[in-house]
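Chemist: Please read through the structure below; I'll follow up with questions.
The values are calculated or read from the model by the stated rules, or taken from the named source; none is laboratory data. Everything quoted here is computed from the prediction, not taken from an experiment. Note that each Cβ is placed from the backbone with ideal geometry, even for glycine, and that neighbours are counted across all protein chains shown.
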Amino acid sequence: MAKAFQEISVQQLAQTIQTDTAKGLSSNEAKSRNQRLGLNELSQEKPESIGATLLRQVNSLIVWILAAAAIVSFLMGDTLEGFAVLAVIIINAAYPPE
């Protein structure tokens, strides 16, 4: 079984990746490897849109239960409780967990 890079010596690593520890890669070898292997860059994920975040926040079972509770509160004349539940829903949607 092959060892991980952190488990072998610097000289063994240099031999494995075919480079010189003192000089590094030549410009031609670096260009060749970039063409063959691609650039040494991390891919960046596209950030989620505000609309998608909001939809994800409000599209959960607990939010639907809270919305139903707010509607029931308004129908029963408990407007203060209805607005309190709506405030909880709005706060939940406005401050998503990170």
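Chemist: Could you count how many residues in region 1-21 are assigned to a helix (DSSP H, G or I) and among the β-branched types (Val, Ile, Thr)?
Modeler: Step one: list which residues in region 1-21 are assigned to a helix (DSSP H, G or I), which gives 5-7, 10-16.
After this cut, where a residue has to be among the β-branched types (Val, Ile, Thr) as well, the list is 10, 16.
Number satisfying all stated conditions: 2.
Chemist: Looking at region 22-45, is at least one residue within 30 Å of ASN92 (Cβ to Cβ) and part of a loop (DSSP other than H, G, I, E, B)?
Modeler: Taking every residue of region 22-45 in turn, at least one turns out to be within 30 Å of ASN92 (Cβ to Cβ) and part of a loop (DSSP other than H, G, I, E, B).
Chemist: Considering region 57-87 alone, what residues qualify as being surrounded by 14 or more Cβ atoms within 10 Å (Cβ to Cβ) and either outside any helix (DSSP H, G or I) or within 26 Å of the chain's Cα centre (by Cα) (or both)?
Modeler: Hits for region 57-87 are GLN57, VAL58, VAL63, ASP78.
Chemist: From the list ALA68, ALA30, pick out the single residue that is at pLDDT 85 or above and in contact with a strand residue (DSSP E or B) (Cβ under 9 Å, 6 or more places away or on another chain).
Modeler: Going through ALA68, ALA30 in turn, the sole match is ALA30.
Chemist: Could you run through region 71-98 and say how many residues are modelled with pLDDT of 95 or more and either of a type in the set (Phe, Trp, Tyr) or touching a Pro at 6+ places or on another chain (Cβ under 6 Å) (or both)?
Modeler: Residues in region 71-98 being modelled with pLDDT of 95 or more and either of a type in the set (Phe, Trp, Tyr) or touching a Pro at 6+ places or on another chain (Cβ under 6 Å) (or both): 2 in total.
Chemist: For region 47-56, check the following and say yes or no: at least one residue is free of Cβ contacts under 8 Å to residues at least 40 places away in the same chain, of a type in the set (A, V, I, L, M, F, W, C), touching a Phe, Trp or Tyr at 6+ places or on another chain (Cβ under 7 Å) and part of a helix (DSSP H, G or I).
Modeler: no
Chemist: Restrict the check to region 23-45 and report whether at least one residue is over 30 Å from LYS3 (Cα atoms) and either β-branched (Val, Ile, Thr) or loosely packed, with under 13 Cβ neighbours inside 10 Å (or both).
Modeler: yes
Chemist: Which of the residues that make up region 1-13 are modelled with pLDDT of 85 or more and of a type in the set (Gly, Ala, Ser)?
Modeler: Within region 1-13, SER9 is the sole residue that qualifies.
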